[in-house]
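The values are calculated or read from the model by the stated rules, or taken from the named source; none is laboratory data. Note that this is a predicted model, so its numbers are computed, not measured. Glycine also receives a Cβ, built like all others from the backbone with ideal geometry; neighbour counts cover every protein chain displayed. Just so you know, the surface numbers come from the protein's heavy atoms only, side chains and all, with ligands and any DNA or RNA stripped out. Shrake-Rupley method; radii C 1.70, N 1.55, O 1.52, S 1.80 Å.
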Amino acid sequence: VSDTLPPPSGARAEPPVPDEALEALAAGELPAAEAAPLRARVAADPALAGRLARALLVEEALRSLRVEPAPQGVVARVLLGLPRPVPASRRVLLGRFAAAAASFALAALSLAEAAPALAAEAPALRLAEAVAPAAALARRVGSPETLSAVPDVAGLPGAAWAALGAALLAAGPLLARRWRRAPSPGRPS
Amino acid sequence: VTEEDEVRRAIAGDRDAFAALVRRHADRVHDVARRMLRDAHEAEDVVQQAFWNAWRAMARFDPSRPFRHWILRIATNLCRNRWEARRRKPATALDPEAEDPPARGEAPGSTGSDAACVRAALETLPEVYRLAAVLRYVHDLPLEAIAEVTGEPLGTVKVHLHRARSLLRRVLEAGETRPGPGGTTGESGAP
């Protein structure tokens, strides 16, 4: 490749032109400040001009490709299977439910932190871990020791409250999905 | 009715507005999926799933962004999931889910000007390079938009495009249809 050959005597050595630069020039992606000197070099170097011509051929070939239409019926199938939207009122309701469930669980955990001396119901906590992914959150918030020391509130062991809150958190998304599937009056199917 | 109007109404839950968006973009989404997966049936599945996912997530869509980029990104991610699934499940000669053979109007020749040759050559590229080339040349997306669709940095997009062009040039010049370095997941589908 001539752009890697030694320059004529007296001329300043110029760095070789990488393929990326020629491709970018062919694609029109090179900034004007870089394109102009590169064009000058190409004009003075037949080998560079040949490389640019090949890059232009690939560019032209690629630009000849067109978006092909989707087969008939694809749009109809998409629209036929479109899930029903969740009405805004239900979305608000679901948001409130999730917020309430989260608050409930966090309140139970706060109780655990506040009264570490009281006895706990470890089996209930294990149940929470088994049924509720939110128990992972509980583990992050409080250590197992503090969680197992939740006080009794309203006749229920504190850990049971924590388990209930975690279960509510876990059940929220399931209920949301069920709501979403429910028929919505006034909406076309 | 402009696309912006349709997007706003679809965000508000207007099914008809979303249907208009589906009609507007289905060809493009199908084209990308078809070229990426080289399987017409899988491409249709991706189109359906992409629009369904978009519909479910419309409330979270930022209307100041182009819907086209967003739906193409969803479709691209679905295609990637299918690539991964294919990698985990080697195809057999009788596998009904094997890819369609690459399009071959005629063998890629030295002229490289025939669209069928280019299409066939494009299908021999490794997936990531093919995706960049398809988005750039078939869908005429600027580099920044390709980065947005693929979720890759701009520099990576440029590298992928450069490699795609280099491989294509070699394939077109040599008249080869073999996959380039790096391979594709769909080699089993090629003869």
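Once fully extended, how much extra length lies between B:D140 and B:N77, figured as 0.36 nm per residue of separation less the alpha-carbon to alpha-carbon distance? The partial results should precede the final answer.
Numbers: separation 63, 0.36 × 63 = 22.68 nm, distance 1.94 nm.
Net length gain for the segment: 20.7 nm.
Leaving out ligands, DNA and RNA, and with a 1.4 Å probe, what % of the accessible surface on region A:29-74 is carbon or sulfur? Please list the in-between numbers first.
Working: 1600 of 2600 Å².
Accessible surface attributable to carbon and sulfur in region A:29-74 totals 62 percent.
How much length is gained if the chain between A:A53 and A:A40 is pulled fully straight, taking 0.36 nm per residue apart and subtracting their Cα-Cα distance, in nm to one decimal? Can you show the working numbers first?
Working: separation 13, 0.36 × 13 = 4.68 nm, distance 1.47 nm.
Taking A:A53 through A:A40 to full extension adds about 3.2 nm, to one decimal.
Going by amide H atoms built from the backbone, whose H comes under 5 Å of the H on A:E29, apart from near neighbours?
Distant-sequence amide H within range of A:E29: zero hits.
Rounded to the nearest 0.05, what FRET efficiency is calculated for B:R23 and B:E173 with R0 set to 45 Å and r the Cβ-Cβ distance? Can you show the working numbers first?
Values: r = 40 Å, r/R0 = 0.90.
The calculated FRET efficiency here is 0.65.
For B:H69, B:H139, give the ranking by accessible area with the largest first, probe 1.4 Å.
Working: B:H69 25, B:H139 0 Å².
Sorted by accessible area, descending: B:H69, B:H139.
Along Cα→Cβ, 7 Å out, is where each label goes; now give me the distance between the ones at B:I11 and A:A33 in nm to one decimal.
Between B:I11 and A:A33, the label points sit 3.7 nm apart.
Label B:D45 and B:F61 with points 7 Å out from Cα along Cα→Cβ: what is the distance between them in nm?
Result: 2.4 nm between the two label points.
In the full protein assembly as shown, how much of B:S64 is accessible to a 1.4 Å probe, in Å² to the nearest 10?
The value for B:S64 is about 90 Å².
Starting from the 7 Å offset along Cα-to-Cβ, what nm value, one decimal, do you get for the label separation of B:E4 and A:A13?
5.6
Evaluate E = 1/(1 + (r/R0)^6) for A:S64 and A:R84, where r is the Cβ-Cβ distance and R0 equals 45 Å; express this FRET efficiency to the nearest 0.05. Let's see the in-between values first.
Values: r = 43 Å, r/R0 = 0.95.
It comes out at approximately 0.55.
What does the highest-first list of A:28-41, B:6-19, A:71-84, B:116-129 look like by mean Cβ count within 10 Å? Spell out each step's value before the answer.
Details: A:28-41: 11.9, B:6-19: 18.0, A:71-84: 15.2, B:116-129: 22.6.
Ranked from most to least packed, the peptides come out as B:116-129, B:6-19, A:71-84, A:28-41.
When Lys and Arg each count +1 and Asp and Glu each count -1, what net charge do the other residues less than 15 Å away from A:A35, Cβ to Cβ, add up to?
That works out to -3.
Hey, can you grab everything whose amide H is under 5 Å from the amide H of A:A70? Only 5+ residues off in sequence or another chain; H modelled, so Pro and N-termini drop out.
Here B:D27 satisfy the definition.
Excluding ligands, DNA and RNA, what is the accessible area buried between chains B and A, summed over both sides, using a 1.4 Å probe, to the nearest 100 Å²? Write down the numbers at each step before the final one.
Working: alone 10150 and 12990 Å², together 19610 Å².
Separately minus together, B and A give about 3500 Å² buried.
Can you compute 3J(HN,Hα) from phi for each residue in region B:62-69, using the Karplus curve 6.51 cos²θ - 1.76 cosθ + 1.60 with θ = phi - 60°, rounded to whole Hz and x for Gly and Pro?
Here the 3J(HN,Hα) series is 8, x, 7, 9, x, 4, 4, 5 Hz.
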